[in-house]
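Reading through the structure tokens given below for one structure.
Each reported figure results from applying straightforward, stated rules to the coordinates on display, with no laboratory input. Just so you know, these numbers come straight off a predicted model, no measurement behind them. Every residue, glycine as well, gets a Cβ built from its backbone with ideal geometry; the counts of neighbours run over all protein chains shown.
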Amino acid sequence: MQLRLKATFNDGTVNEVVTNLSTVVAWERKYKRKASEMAQGIGVEDLAYLCYEATRASGTTVPGSLDQFIATLLSIDVLETQDPKAVTAQ
């Protein structure tokens, strides 16, 4: 599962990030859910966490806690979802 997320911050800056295996595993561990459950929908906190971890993984400096990061956000949009199971060999 890979998500491309667009975070818009309170100061007007915009940042796009893509989740990877590491960020999804971190989400599974924190929330005790399986990535396959994302197909049924996830909450805003889930998106914020994935965005936070993907931003950190990209090398961008983020606040020390998820709550501090959330406080800086105006919105998060899912731009693209890629499910590796949906890709078929030709």
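Just rank TYR49, TYR31, fewest to most, by other beta-carbon atoms within 10 angstrom.
Working: TYR49 20, TYR31 14.
The most exposed by this proxy come first: TYR31, TYR49.
Using Cα atoms only, what is the angle between the long axis of helix 44-57 and the major principal axis of the chain, expressed in degrees (0 to 90) to the nearest 10?
Roughly 80 degrees, rounded to the nearest 10.
Out of the stretch 31-61, which trypsin sites (Lys or Arg not before Pro) are coil in DSSP terms and have no more than 12 other C-beta atoms within 10 Å? Present the calculation step by step, with values, prior to reporting the outcome.
Working: sites: LYS32, ARG33, LYS34, ARG56; in loops: LYS32, ARG33, LYS34.
Here the trypsin sites (Lys or Arg not before Pro) that fit, given the DSSP loop and packing criteria, are LYS32, LYS34.
Can you give me the orientation-averaged projected area of the convex hull built on the Cα atoms of the stretch 2-84, in nm²? Write out the running numbers ahead of the final one.
Details: hull surface 20.3 nm².
If you wrap the Cα atoms of the stretch 2-84 in a convex hull and average its projections, you get 5.1 nm².
Tilt of helix 21-31 relative to the longest C-alpha principal axis of the chain, in degrees (0 to 90, nearest 10)?
80 degrees
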